[in-house]
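Trainee: If you scroll down you'll find the structure; I have some questions about it.
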Amino acid sequence: MTDLIERHDIESSDDHGDHGVSHHDHHGPSGLLKWLTSTDHKVIGINYTVTSVLMLILGGALAEIIRAQLVSPTSTLVSFAQYNQLFTMHGSIMIYLFAGPFAFAGLANYMVPLQIGAPDMAFPRLNALSYWLYLGGTISMVLGFFATGGPAAFGWVGYAPLTSAVNAPGVGPDLWIGALMLTGFSAIFSGVNLVATIFYLRAPGMTLFRMPIFTWNMLVTGLLILLAFPVLTAALVMLYCDRHFGTHIFEVQGGGVPILWQHMFWFWGHPEVYILALPFFGMVSEVIPVFSKKPMFGYKGMVFATMTIAALSLGVWAHHMFTTGAVLLPFFSIMSLLIAVPTGIKIFNWIGTMWKGQVEYTSSMLFAIGFVITFLIGGITGIYLASPPLDFFTHDTYFVVAHFHSVVMALVIGAMAGIYFWGPKITGYKLHEGWGKAQFWFLFIGTQVFTFPGYWLGLKGMARRMAVYPNNPSWQTLNDWSTIGAIMIGISTLFFIINLLVSWRKPIPAGDNPWDANALEWFTTSPPPHHNFLSLPPVRSERPTWDYYHPEHPALGHGDHVSGHAEQKVSN
Amino acid sequence: MLKQESYILIAFGIFAGIIGAVYWFWGHEDSGGVMLVGAILLGLMPGLYYYYWYRRSGGQRPEDRPDATVADGAGTVDAFPSTSIWPFVLGSGCFFFVLALVFGIWLLVPGLSLVLAAFIGATAESRRGGSV
Ligand code: HEM
Ligand SMILES: [Cu+2]
């Protein structure tokens, strides 16, 4: 079935609230077939969000087992082999199946077309294919648990030669490779869709420099996906050939180069860090201005910072390989340190937005602030690691584990900011604030209690990927604190589930624009009708919905939104 | 039309070129060099293509003009599919491909059948439904 979208039936409406009365009538398939055949970006976005959050819960459950094993120096809860499988599957599920898909295909899929006034993604069927590939990848990865010989156990980075047919026999590792191929293609298609949608389907008047920051970040994320993921997929094909077709690309015997895997993996892997992070930067950049009742401080600086981060992330991959002794240390060190500059600009702008604003501490805002703080901790410890002398000392210790968990847990906190902020748009109902705040405090404090002992343990010399530490019983106290933090994080997840149930049983209707927000998604109904908009407001700044509902602060009628900003200053 | 868009991509390609040049002449390392050439192409190929179209058509789309009104954007946006089973069929086919890589070549039979069915089905669907 095809719908021809004509813009003149989306006429500019003059009086408030008349949009969204008559829903597009649709005679399509129903039930399961409706779900299988949907190419609506909103359905696909929800599919992605739900699947990836389930993967977050699964990955989190594995993490709790890891932390339970580490409570005593000689614990025997799991065997050494099982421990290897646990951290491998934990890392793989979290990175490949939760963080990435949630970030660039979940809420983004739902919100980007809405934010730019588009009826759908540019290639709706490709978008649906992305999801099915991702689901296939998820199933392959999880099938690994049922494989004879167990799932992959060579770490989420799959370094050669651990992945060779001799060292990692069996179907578990092949399922891991297959899962990554499927999710890799799915990511590439999402990237294509994001870029094409943002280039071609913006509403009239929505110039690039009036796009919401979230949409900007998704554009840059899409470009980074196109840069990085093909390299990973190529490396996986090469790895598969090594394992099954007798090539020796990554194997020393036969003339291959194991370190080539590391180059290719991290050429994807570091940009991947920003593919994960930029969407969440974007989310909190939507949340913070709305709950500070101010426009974004330094809009152009924010866009510039996003682009700089993405561009620099091209030249930093081997900071993960300092200790191989085979990479250009000064080059990668300087490039990595430079990334701190645009990241600092972002932190500065978020604080500047809150500064002297009328900050309203909703759950969403708390999560956004929690994101900024936690990401800052991860970023600062990253600066240490970018310096080779310090990295030689801390490489492969718990310092590194703590560093990247500050970063990824910041992403989890940012994800919650997005869910509490946009949930009302997606469902039409708000989540409960009380449970939301309880969840926030457990998640936020739990994260710090979980990571801080890690930094310390790392400096004491505790290596990562060790199931026991019998020679260093004094490390137990710090490990136990870390486990307490992990349990708090687990409890916060429980609060989240309770909140979903409570909000479902006792719904709080949200209305179309519950937060008096800025971007176009708040102009249509909650949830939006099929193909999104029955009417569009004129776009005269980067906050068209806010302008529409606040005619007393007219945005300038001409191009420069920065001066427009100055004149539409709201509060104080 | 697509002017700023093309500038972003070209700037990205040039930046990758600078990094690539420094890396290559300083580090003499092949794999990174090759991948950075890929990055240059990723920026320049679509960027120059867009630039070419911008120079040829010159005009501005309503979404490029800060003063465009909703009426300026009137007309057909595009035809959008509202439902289609073929992405699911194609996705399942790819899933069987991967299972074939893992469990044995015979799984290519369902894999290939599904992929072919999806190619034919989706093409026919596009014909029927206009430009999808
Ligand atoms: C409940 C929260 C979490 C806890 C308690 C936790 C715990 C851990 C621990 C203890 C390790 C180290 C295992 C070892 O080296 O022996 C680890 C590794 C890892 N975690 Fe987490 N984690 C959590 C959340 C996350 C999230 C949200 C992500 C990513 C989005 C993530 C990604 C990883 C990765 C990539 C590794 C490395 C695996 C490897 O060494 O191959 N974790 N986690
Ligand atoms: Cu990195």
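Trainee: Looking at region A:170-198, which of its residues are more than 14 Å from B:Val98 (Cα to Cα), facing chain B (nearest Cβ under 9 Å) and open to solvent by 10 Å² or more (accessible area, probe 1.4 Å)?
Mentor: Matches in region A:170-198: A:Val195 only.
Trainee: Scan A:Asn127, A:Asn109, A:Asn84 and give me the residue that is under 18 Å from A:Val401 (Cβ atoms) and of a type in the set (S, T, N, Q).
Mentor: None of the other options fit; the residue is A:Asn84.
Trainee: For region A:302-337, how many residues are over 18 Å from B:Val22 (Cα atoms) and surrounded by fewer than 18 Cβ atoms within 10 Å (Cβ to Cβ)?
Mentor: 4
Trainee: Across region A:210-266, what is the total count of residues that are in a helix (DSSP H, G or I) and within 22 Å of A:Phe102 (Cα to Cα)?
Mentor: Looking only at that region, the number is 23.
Residue by residue, here is whether (1) surrounded by fewer than 16 Cβ atoms within 10 Å (Cβ to Cβ); (2) farther than 23 Å from A:Tyr299 by Cβ holds:
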residue	(1), (2)
A:Ile339	no, no
A:Glu360	yes, no
A:Ile377	no, yes
A:Pro388	no, yes
A:Asp391	no, yes
A:Phe399	no, yes
A:His405	no, yes
A:Gly414	no, no
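Trainee: Which helices (runs of 4 or more DSSP H) does region A:51-161 wholly contain that include 1 or more residues that are open to solvent by 20 Å² or more (accessible area, probe 1.4 Å) and away from ligand 1 (no atom under 16 Å from the Cβ)?
Mentor: Ranges flagged: A:124-143.
Trainee: Let me ask you something else. When residues of region A:376-397 are filtered for being part of a helix (DSSP H, G or I) and within 14 Å of ligand 1 (Cβ to nearest atom), how many remain?
Mentor: 2
Trainee: Quick check on this structure: which one of A:Leu232, A:Leu219, A:Leu236 is touching a helix residue (DSSP H, G or I) at 6+ places or on another chain (Cβ under 6 Å), open to solvent by less than 10 Å² (accessible area, probe 1.4 Å), within 10 Å of another protein chain (Cβ to nearest Cβ) and modelled with pLDDT of 95 or more?
Mentor: Being touching a helix residue (DSSP H, G or I) at 6+ places or on another chain (Cβ under 6 Å), open to solvent by less than 10 Å² (accessible area, probe 1.4 Å), within 10 Å of another protein chain (Cβ to nearest Cβ) and modelled with pLDDT of 95 or more holds for just one of A:Leu232, A:Leu219, A:Leu236, which is A:Leu219.
Trainee: Being touching a Ser or Thr at 6+ places or on another chain (Cβ under 7 Å), part of a loop (DSSP other than H, G, I, E, B) and either within 13 Å of ligand 2 (Cβ to nearest atom) or of a type outside the set (A, V, I, L, M, F, W, C) (or both) is the filter here, so list the residues in region A:294-331 that pass it.
Mentor: Residues satisfying the conditions are A:Lys294, A:Val316.
Trainee: Taking the condition of being in contact (Cβ under 8 Å) with a residue 40 or more places away in the chain, open to solvent by 50 Å² or more (accessible area, probe 1.4 Å) and more than 8 Å from every other protein chain (Cβ to nearest Cβ), how many residues in region B:83-132 meet it?
Mentor: 1
Trainee: For A:Leu494, which of the numbered conditions (1) over 29 Å from A:Leu58 (Cβ atoms); (2) within 25 Å of the chain's Cα centre (by Cα); (3) among the hydrophobic types (A, V, I, L, M, F, W, C); (4) open to solvent by 40 Å² or more (accessible area, probe 1.4 Å) fails to hold?
Mentor: Condition (1) is where A:Leu494 drops out.
Trainee: Another question about this same structure. Tell me whether region A:195-202 contains one or more residues that are closer than 21 Å to A:Leu4 by Cα, outside any helix (DSSP H, G or I) and in contact with a Leu (Cβ under 9 Å, 6 or more places away or on another chain).
Mentor: yes
Trainee: Give me a count of the residues in region B:43-59 that are more than 16 Å from the chain's Cα centre (by Cα) and on the phi < 0 side of the Ramachandran plot.
Mentor: Summing the residues that are more than 16 Å from the chain's Cα centre (by Cα) and on the phi < 0 side of the Ramachandran plot in region B:43-59 gives 8.
Trainee: While we're looking at this one, here's another question. Search region A:325-337 for residues that are more than 8 Å from chain B (Cβ to nearest Cβ) and in contact (Cβ under 8 Å) with a residue 60 or more places away in the chain and pair each with any residue that is more than 12 Å from ligand 2 (Cβ to nearest atom) and not acidic (Asp, Glu) when their beta-carbon atoms are under 6 Å apart and the residues are at least 6 apart or on different chains.
Mentor: Pairs found: A:Ala326/A:Ile259.
Trainee: Another question, if that's okay. Within region A:3-23, is even one residue modelled with pLDDT of 70 or more and among the hydroxyl-bearing types (Ser, Thr, Tyr)?
Mentor: No: region A:3-23 contains no residue that is modelled with pLDDT of 70 or more and among the hydroxyl-bearing types (Ser, Thr, Tyr).
Trainee: If I go through region B:43-68 residue by residue, how many of them are open to solvent by 40 Å² or more (accessible area, probe 1.4 Å) and outside any loop (DSSP other than H, G, I, E, B)?
Mentor: 12
Trainee: Mind listing just one residue for me: the one in region A:362-375 that is hydrophobic (A, V, I, L, M, F, W, C) and open to solvent by less than 40 Å² (accessible area, probe 1.4 Å) and, of those, farthest from ligand 1 (Cβ to nearest atom)?
Mentor: Step by step, filter region A:362-375, then rank; the result is A:Met365.
Trainee: May I ask you to list the residues in region A:341-357 that are surrounded by 16 or more Cβ atoms within 10 Å (Cβ to Cβ) and among the basic types (Lys, Arg)?
Mentor: Within region A:341-357, just A:Lys346 meets the criteria.
Trainee: Still on this structure, please answer the following. Quick one: would you say A:Ala165 is more than 10 Å from chain B (Cβ to nearest Cβ), open to solvent by 10 Å² or more (accessible area, probe 1.4 Å) and under 27 Å from the mean Cα position of the chain (by Cα)?
Mentor: Spelling it out, it is not the case that A:Ala165 is more than 10 Å from chain B (Cβ to nearest Cβ), open to solvent by 10 Å² or more (accessible area, probe 1.4 Å) and under 27 Å from the mean Cα position of the chain (by Cα).
Trainee: Please work out which residue is most open to solvent (accessible area, probe 1.4 Å), limiting yourself to region A:240-278 and to residues that are more than 16 Å from ligand 1 (Cβ to nearest atom) and more than 14 Å from every other protein chain (Cβ to nearest Cβ).
Mentor: Here the residue is A:Gln253.
Trainee: Can you pull out every residue in region B:10-42 that is under 16 Å from the mean Cα position of the chain (by Cα) and open to solvent by less than 10 Å² (accessible area, probe 1.4 Å)?
Mentor: The answer is B:Ala39, and nothing else.
The values are calculated or read from the model by the stated rules, or taken from the named source; none is laboratory data. Note that this is a predicted model, so its numbers are computed, not measured. Don't worry about glycine lacking a Cβ; one is built from the backbone with ideal geometry, like all the others, and counts go over all protein chains shown. For accessibility, only protein heavy atoms count, side chains too; no ligands or nucleic acids. Shrake-Rupley method; radii C 1.70, N 1.55, O 1.52, S 1.80 Å.
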